[in-house]
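Heads up, the thing below is written out as structure tokens.
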Amino acid sequence: MDRADDLQLAFDTSALAAELALAHFESGVSATLKTDGTPVTEADRAVERLLQDTLSEARPDDAFLGEELGRLGKSDRIWILDPIDGTSFFSRGDPNWRVQIALEVQGTTEVALVTSPALRRCWWATRGGGSFESSWPREEAESKRLEVSTTSMLADARLDALDDASRARLPRSVARVPASPLPLVELVRGEIDAFLVERYHIWDHAPWILLVEEAGGRFTDRTGGHAGNQGGGLYSNANLHSQLLTALQYPARP
């Protein structure tokens with residue numbers, strides 16, 4: 001199946017989901033806690049149902065894996081869905097949340113799309129086709145190709161990490177940038193050089209791994225591999241990656 005068709009389907013589906021999520025966001029929703037302690041709203045479930053229903057109508061033989069509704073179907077083509085990434089932001093009226101879609105084919109992520117309706121931005125990538133950013137809705141502006149930084153010396157690097165424990169693991173001689181709600185956006189724009197995030201699930205990471213790689217960067221999970229289902233890992237530009245893996249003593253676990 002043509003990846004251009006898959007990407008267009010992702011765009012069309014995400015547009016519907018983004019409009020629905022934005023309507024909930026603007027009217028206001030409250031969050032409850034799931035059994036794992038993470039927040040969820042009625043919008044999370046409604047948006048994932050829309051994503052799944054729309055994609056399955058167009059690709060009835062494909063499988064789905066979503067944060068809220070779990071796994072549906074068996075196929076070597078799996079749509080990985082995060083209906084609202086950043087639910088804590090979403091539920092308190094902060095615009096830094098996203099609708100995330102990735103398509104995995106035979107174990108490799110081929111298409112990634114991240115839409116931020118409240119910020120009016122979106123980011124996407126296809127395997128071998130590059131990473132891009134534009135306004136949202138996309139018709140409003142031309143797309144811009146994304147490239148990670150070319151920093152090659154740790155002494156010149158700008159690093160970020162998810163939390164204080166992760167920040168403490170970074171090389172002490174390297175500058176830490178102020179915490180950002182969208183560090184991986186800053187990475188693919190070349191504004192920072194690396195981001196350490198040792199947490200979360202495949203639906204959080206799958207689109208970003210492809211976006212970073214297609215922008216010229218690298219990702220290594222905590223086992224030393226490149227999978228999104230190993231609880232996160234290190235994202236960085238290509239020049240610094242090996243140096244940072246050594247500093248972090250990766251792989252961190254077998």
Step by step: first the residues of segment 150-164, then only those that are of a type in the set (G, A, S) and in a loop (DSSP other than H, G, I, E, B), then the one that is farthest from L184 (Cα to Cα). Which residue is that? S152
Residue under evaluation A112, criteria (1) touching a Leu at 6+ places or on another chain (Cβ under 7 Å); (2) of a type in the set (G, A, S); (3) open to solvent by 20 Å² or more (accessible area, probe 1.4 Å); (4) closer than 30 Å to G129 by Cβ, criterion not met: (3)
Hits in segment 6-46 (condition: more than 21 Å from the chain's Cα centre (by Cα) and open to solvent by 60 Å² or more (accessible area, probe 1.4 Å)): E26, S27, S30, T32, L33, T35, E42
Among the residues of segment 209-238 satisfying the criterion of being part of a helix (DSSP H, G or I) and open to solvent by 10 Å² or more (accessible area, probe 1.4 Å), which is nearest to G107 (Cα to Cα)? I209
Looking at (1) farther than 23 Å from I209 by Cα; (2) surrounded by fewer than 22 Cβ atoms within 10 Å (Cβ to Cβ); (3) modelled with pLDDT of 95 or more, which is the only condition F89 fails? (1)
Identify all residues within segment 47-85 that are in contact with a helix residue (DSSP H, G or I) (Cβ under 8 Å, 6 or more places away or on another chain), more than 21 Å from G228 (Cα to Cα) and open to solvent by 30 Å² or more (accessible area, probe 1.4 Å); write none if there are none. L50, T54, A58, R59
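The values are calculated or read from the model by the stated rules, or taken from the named source; none is laboratory data. These numbers were taken from a predicted model, which means no experiment stands behind them. So basically every Cβ, Gly included, is an ideal-geometry build from the backbone, and we count neighbours across all protein chains shown. Note: areas computed on protein heavy atoms with side chains; ligands, DNA, RNA excluded. Shrake-Rupley method; radii C 1.70, N 1.55, O 1.52, S 1.80 Å.
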